[in-house]
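Worksheet: the structure to be examined is printed underneath.
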Amino acid sequence: MKVLVPVKRVIDYNVKVRVKADGSGVDLANVKMSMNPFDEIAVEEAIRLKEAGKADEVVAVSIGVKQAQETLRTALAMGADRAILVVAADDVHTDIEPLAVAKILKGVVDEEQPGLVLCGKQAIDNDMNATGQMLSALMGWSQATFASEVDIDGDSATVTREVDGGLQTIKVKMPAVVTVDLRLNEPRYASLPNIMKAKKKPLDEKTAADYGVDASPRLEIVKTTEPEARAAGIKVGSVDELVEKLKEAGVV
Amino acid sequence: MNFGLSDEQEMIVSTVRSFVENEIYPHEDLVERTGEVPSDLAQEIKRKTLDLGFYACNFPEEVGGAGLNHLDFALVERELGRGSMALTHFFGRPQNILMACEGEQREKYLLPAVRGERMDALAMTEPEAGSDVRGMRCTAVRDGGDWVVNGTKHFISGADHADFFIVFIATGVDETPKGPKKRITAFLVDRGHPGFEVRDGYQSVSHRGYKNCVLEFTDCRLPDAQVLGEVDGGFDVMNTWLYATRITVATMSVGRARRCFDYALDYAAERKQFGQQIGKFQGVSFQIADMITEIDAADYLTLASAWRLDQGLDANREIASAKVYATEMLAHVTDATLQIFGGMGLMSDFPIERFWRDARVERIWDGTSEIQRHIISRSLLRPLGA
């Protein structure tokens, strides 16, 4: 079975994000970029499936600007076998919307015929949480979202999902789209031999047009603002005072 | 000219950086508090480094290393420099000088060191022989076919965890027009060898947990098979293989300075006095400007000296410049950061006081600042006859 893992190049989770002066978005110039952490978990899971003999090839795909090549090299250094870069924008500030990404991914899936698409449940830059679901709809495949455990058994997969209030276990037919959550695994570091091998692994470059998809934005960003700064708290001296303050605040 | 890193180099940096942040930082307080690295923790760091293929990455592939060149290795060490030396010691980088091993020595010392099965330590310094290496008193004399060694070595880093030692010992004296000059030989000595003892050394203000030890030789018999390189060829192996180790000190100083600087920058942006962030006061902001300028300068100077080695160019003067500049830069950056933190910087609640203490030794070991300045100035003035 072949596993396809879409990965997104996003602003590094350690970076303190700054809004551009004109409010049109977040400043990405000279900012450290990394693989979306949820996608890293998806790559790790795919590699583990391969190590367990349940997958025979792991293909990473990224849709975005040319620089997403670095993100794919990271996936290759972790252990993916090959990579596909779909260039769909020139400006690093252009975010390709989920539907366009899902349509391009459908094109990739049609070509590659994977038995499983493993992707992050959402990207940490815009938190859309939509691409995996849209892809499954476009393909007519089963979907299992927010996976914290994945067990592939021939024609079906048993997936434990992190839902509000607990865990839900479902069984889906393969092929399927599985979106992964934080607790599925702990991604490995890229080993030195794999870093050195990554450059020699194939990385195909395509464009959105190759899949007949128009990736231009449909959403208009009206405004981007910094979150409101949190006001300083106060220390209370006793339980009585705490209750008093909570009453004042109208919460009890 | 290209100052950018390749994709591989970016990934090497990012892997080692994550490793240090996740596997080293969380244990630093423990090491500071106890002055020890628990052996299970040491083994865990070593195992993870082996799994990642980074163990002995400075060794060529034909002996089982990763074959990194000097520049790539400098990037690895720069990131390691961010973390506690007591802990990153187990991100093993055996001494390159082991490449001088021949015949059975390869099976007994070189290969097990690269595989992480045996750890090494280098012993040169003596109580009476610091910068003046030839002043050493530890002496080996011929007795039958063997050497009999007597003397003391001290400040031997990593000796507490070493399974064997590369020890420089005087094996004779030449009369020269400038007076007597000792001949030096490098020996391989196993821990536990009769007549050889490893003792705890001194309490150091820098790098707590990265212990220094004393080595005692009392009528210790060593056969010729233990000679590394040639008899009386100690300076040859030293000059061939220890040449580059000063880059380690420079590059680790750069890594640590960057970590320290991040504290200074964040604190300057957050701490408020007189109704505004202290970073808005020129007294603080100009310190920030000076610090980052010096850090970048030291970084480029160091990487350029490693690059020169890879190109086969002369690098002795450049390495000396990098070592003296990077270590003095670290002294300034840690001191200035402490000043920005004020009284809080002296408290062990923040790692600033530790960076400040740790920085002090960098200007002393692996050739003092004075020795580096001597190397730099002699390389320029000697050709002019001065």
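In the range B:358-368, what count of residues is obtained for those that are at pLDDT 95 or above and in contact with a Lys or Arg (Cβ under 8 Å, 6 or more places away or on another chain)?
Matching residues across the range B:358-368 total 2.
Return the pair list, or none, for Cβ contacts closer than 6 Å from residues in the range B:95-120 that are over 23 Å from B:Arg246 (Cβ atoms) to residues that are in a loop (DSSP other than H, G, I, E, B), at least 6 apart or on different chains.
B:Tyr109/B:Cys101; B:Pro112/B:Arg118; B:Gly116/B:Tyr55; B:Gly116/B:Gly92; B:Arg118/B:Asp163
Is it the case, given these coordinates, that A:Arg48 is more than 14 Å from A:Lys201 (Cα to Cα) and either among the polar types (S, T, N, Q) or open to solvent by 10 Å² or more (accessible area, probe 1.4 Å) (or both)?
yes
So B:Asp40 passes all but one of these: (1) surrounded by 20 or more Cβ atoms within 10 Å (Cβ to Cβ); (2) free of Cβ contacts under 8 Å to residues at least 12 places away in the same chain. Which condition number does it fail?
(1)
How many of the residues in the range A:159-193 are open to solvent by 40 Å² or more (accessible area, probe 1.4 Å) and within 14 Å of chain B (Cβ to nearest Cβ)?
5
Any residue that is crowded, with 24+ Cβ neighbours inside 10 Å and touching a helix residue (DSSP H, G or I) at 6+ places or on another chain (Cβ under 9 Å) - is there at least one of those in the range B:261-279?
Scanning the range B:261-279 turns up at least one residue that is crowded, with 24+ Cβ neighbours inside 10 Å and touching a helix residue (DSSP H, G or I) at 6+ places or on another chain (Cβ under 9 Å).
Do you know which of the residues in the range A:194-220 that are open to solvent by 50 Å² or more (accessible area, probe 1.4 Å) and assigned to a helix (DSSP H, G or I) is nearest to the other protein chains (Cβ to nearest Cβ)?
Looking at residues that are open to solvent by 50 Å² or more (accessible area, probe 1.4 Å) and assigned to a helix (DSSP H, G or I), I get A:Met196.
Of the residues in the range B:6-52, how many are more than 11 Å from chain A (Cβ to nearest Cβ) and within 17 Å of B:Asn69 (Cβ to Cβ)?
Within the range B:6-52, residues that are more than 11 Å from chain A (Cβ to nearest Cβ) and within 17 Å of B:Asn69 (Cβ to Cβ) number 0.
Scan (1) free of Cβ contacts under 8 Å to residues at least 60 places away in the same chain; (2) open to solvent by 10 Å² or more (accessible area, probe 1.4 Å); (3) within 14 Å of chain A (Cβ to nearest Cβ); (4) closer than 28 Å to B:Ser206 by Cβ for the single condition B:Asp72 breaks and write down its number.
Only one criterion is unmet by B:Asp72, namely (1).
What is the number of the single condition among (1) crowded, with 23+ Cβ neighbours inside 10 Å; (2) without any contact (Cβ under 8 Å) to a residue 40 or more places away in the chain; (3) within 14 Å of chain A (Cβ to nearest Cβ); (4) not polar (S, T, N, Q) that B:Pro60 does not meet?
(1)
For the range B:317-339, give me the residue count where each residue is open to solvent by less than 60 Å² (accessible area, probe 1.4 Å) and either over 20 Å from the mean Cα position of the chain (by Cα) or within 17 Å of B:Thr245 (Cα to Cα) (or both).
12
Which of the numbered conditions does A:Ala21 fail, given that it passes all the others? Conditions: (1) more than 14 Å from every other protein chain (Cβ to nearest Cβ); (2) open to solvent by less than 40 Å² (accessible area, probe 1.4 Å).
(2)
Which numbered condition in (1) among the aromatic types (Phe, Trp, Tyr); (2) at pLDDT 95 or above; (3) not in a helix (DSSP H, G or I) is the only one that B:Tyr243 fails?
(2)
Taking the range B:231-280 only, how many residues are more than 26 Å from B:Arg308 (Cβ to Cβ) and in contact with a strand residue (DSSP E or B) (Cβ under 8 Å, 6 or more places away or on another chain)?
7
One residue is enough: does the range B:227-243 have a residue meeting the conditions surrounded by 21 or more Cβ atoms within 10 Å (Cβ to Cβ), in the same structural domain as B:Met124 (by TED's automatic domain parsing) and under 30 Å from B:Ile352 (Cβ atoms)?
no
Quickly run through the range B:14-37 and pick out the residues that are open to solvent by 30 Å² or more (accessible area, probe 1.4 Å) and part of a loop (DSSP other than H, G, I, E, B).
Selection gives B:Glu36 alone.
List the residue pairs whose Cβ atoms are under 7 Å apart, where the first residue sits in the range B:321-341 and is more than 13 Å from B:Arg256 (Cβ to Cβ) and not assigned by TED's automatic domain parsing to the domain that holds B:Ala297, the second is part of a helix (DSSP H, G or I) and at pLDDT 95 or above, and the two are 6 or more positions apart or on different chains.
So the pair list comes out empty.
Just checking, does the range B:3-11 include any residue being open to solvent by 50 Å² or more (accessible area, probe 1.4 Å), among the polar types (S, T, N, Q), part of a helix (DSSP H, G or I) and more than 14 Å from B:His89 (Cα to Cα)?
no
For the range A:1-49, give me each residue that is of a type in the set (Asp, Glu) and closer than 21 Å to A:Val92 by Cα.
Of everything in the range A:1-49, those that are of a type in the set (Asp, Glu) and closer than 21 Å to A:Val92 by Cα turn out to be A:Asp12, A:Asp22, A:Asp27, A:Asp39, A:Glu40.
The values are calculated or read from the model by the stated rules, or taken from the named source; none is laboratory data. Keep in mind it's a predicted model, so treat the numbers as computed, not measured. Because the Cβ atoms are built from the backbone with ideal geometry, glycine has one as well, and the counts that use them run over all protein chains shown. These area figures cover heavy atoms from the full protein model, side chains too; ligands, DNA and RNA do not enter into them. Shrake-Rupley method; radii C 1.70, N 1.55, O 1.52, S 1.80 Å.
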